[in-house]
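Scroll down for the structure; my scribbles are underneath it.
The values are calculated or read from the model by the stated rules, or taken from the named source; none is laboratory data. Note that the coordinates shown come from a computational prediction; the quantities given were computed from them, not determined experimentally. Note: ideal-geometry Cβ built from the backbone for every residue, glycine included; neighbour counts use all protein chains shown. The protein model used for the area step is the full one, side chains on, heavy atoms only, and it has no ligands, DNA or RNA in it. Shrake-Rupley method; radii C 1.70, N 1.55, O 1.52, S 1.80 Å.
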Amino acid sequence: MTFNQLNMVWTMVRARIDLLRRNPSAGYVSETTLITALLISAGVLVLGIIVAKVIAKATSIEL
């Protein structure tokens, strides 16, 4: 990258930061999405553990 390209990128980053500072609720969607993704991941993990335990118990039953 040349100096002009770096200068242009830096100017764009500063402009985006200034825009976000003027609208503090703009990052709310990202936070909500992240929290939702973490909760879904935790739910899938718990469901997987439960299914594994149920399958292990079912296979240990002798008829």
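Would you say residue 59 is free of Cβ contacts under 8 Å to residues at least 24 places away in the same chain, open to solvent by 100 Å² or more (accessible area, probe 1.4 Å), polar (S, T, N, Q) and on the phi < 0 side of the Ramachandran plot? It would help to see each step written out before you state the result.
On the way: free of Cβ contacts under 8 Å to residues at least 24 places away in the same chain: yes; open to solvent by 100 Å² or more (accessible area, probe 1.4 Å): yes; polar (S, T, N, Q): yes; on the phi < 0 side of the Ramachandran plot: yes.
When the stated conditions are applied, residue 59 passes them.
Restricting attention to the range 17-29, does a residue exist that is assigned to a loop (DSSP other than H, G, I, E, B), surrounded by fewer than 10 Cβ atoms within 10 Å (Cβ to Cβ) and not polar (S, T, N, Q)?
no
Only one of these is over 23 Å from the mean Cα position of the chain (by Cα) and part of a helix (DSSP H, G or I): 63, 34, 6. Name it. Steps first, answer last, please.
Values: 63 fails: part of a helix (DSSP H, G or I); 34 fails: over 23 Å from the mean Cα position of the chain (by Cα).
Checking each option against the conditions leaves just 6.
With the requirement that a residue be open to solvent by 100 Å² or more (accessible area, probe 1.4 Å) and among the hydrophobic types (A, V, I, L, M, F, W, C), what does the range 43-54 give you?
Restricting attention to the range 43-54, the residues satisfying the condition of being open to solvent by 100 Å² or more (accessible area, probe 1.4 Å) are 45, 47, 53.
Across the range 43-54, the qualifying residues are 45, 47.
Which condition breaks for residue 40 when tested against (1) modelled with pLDDT of 90 or more; (2) within 26 Å of the chain's Cα centre (by Cα); (3) open to solvent by less than 80 Å² (accessible area, probe 1.4 Å); (4) not basic (Lys, Arg)?
If we test residue 40 against (1) modelled with pLDDT of 90 or more; (2) within 26 Å of the chain's Cα centre (by Cα); (3) open to solvent by less than 80 Å² (accessible area, probe 1.4 Å); (4) not basic (Lys, Arg), just (3) comes out false.
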